[in-house]
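The values are calculated or read from the model by the stated rules, or taken from the named source; none is laboratory data. It should be emphasised that the depicted structure is a prediction, and the values quoted were computed from it without experimental measurement. Glycine also receives a Cβ, built like all others from the backbone with ideal geometry; neighbour counts cover every protein chain displayed. These accessible areas exclude ligands, DNA and RNA; they are computed on the full protein's heavy atoms, side chains included. Shrake-Rupley method; radii C 1.70, N 1.55, O 1.52, S 1.80 Å.
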Amino acid sequence: MPTQFSRYVFGCAMLALSSLAAVQAASLPPIGPVDARAVWQERSLSACRSEHSSTAPDVCLLRTMQRSGAHPQAIAAARMLVKANNAGFISAWRPLGKAALATVTYPFRANTNEGTLLIGSDGAAIDVDEGSVGEEDRATPAWRAFAAAHPDSVPFAPADFVGSTATSDGGQSVLFSTPLITCHACAEDGALLVAYTIDKAGIVRERKLLTIK
């Protein structure tokens, strides 16, 4: 499920930059135009988590949302996540001009119960945590040097939103930092800095690995 991603210029110490070529990353089925109304304030989902529940957790989630009066946008977003085998719901919303950042809560996961979607004005939802290190990234000098020093270290979601800057063509670049660790309880070995370019229409165009610090 390809989506193109980004260029970013940010003031920080860099080991190396990846190429400017657009790369593919994990995207989810389009959810259509959405806004802050897609946020759902969680009600009790304990019945959905119970091993005695007569329905699957994802079905139970959608039913609970409908019964609680969730906005149609919230239900549509949850359905999109269910179809992608990531049962969850949007729990927070941050506008980024014509695009937005949506915090997703995954209530049935054992670990990493939150994630971030970058949502374009066209409704395309990009999971910034899924597939955070692609084949193109692994070919960069920065990743090779890091992997040689920390062979067992992997990205640990969720990514942190660092900030955004305006681009000369009227769009913006947004930067995310993802910790790199060897185990859940281990100290960070580094951080993966990735940027996305959003054009002036609010559509996400590119992704780029900037550096590992």
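A few comments on the model shown:
- Charge sum, other residues only, whose C-beta stays under 13 Å from L101's C-beta, Lys/Arg counted +1 and Asp/Glu -1: -3
- Within a straight-line Cα-Cα reach of under 30 Å, K83 can be paired with the following lysines, leaving aside sequence neighbours fewer than 8 residues apart in one chain: K98, K200, K208.
- Sulfur and carbon atoms: percent of accessible area, segment 74-196 [1.4 Å]: 49
- Extension gain, A187 back to S53 (0.36 nm per residue minus Cα-Cα distance, nm): 44.4 nm
- Taking R207, R144 and ordering them by how much accessible surface each has at a 1.4 Å probe, largest first, produces R144, R207.
- Charge dipole of segment 79-213 (Cα centre as origin; +1 on each Lys and Arg Cβ, -1 on each Asp and Glu Cβ, all else neutral): 300 debye, rounded to the nearest 20.
- Accessible area (Å², per residue) of segment 43-174, counting only protein heavy atoms and a probe of 1.4 Å: 49
- Sum of side-chain charges, L62 neighbourhood, beta-carbon under 13 Å (Lys, Arg +1; Asp, Glu -1): +4
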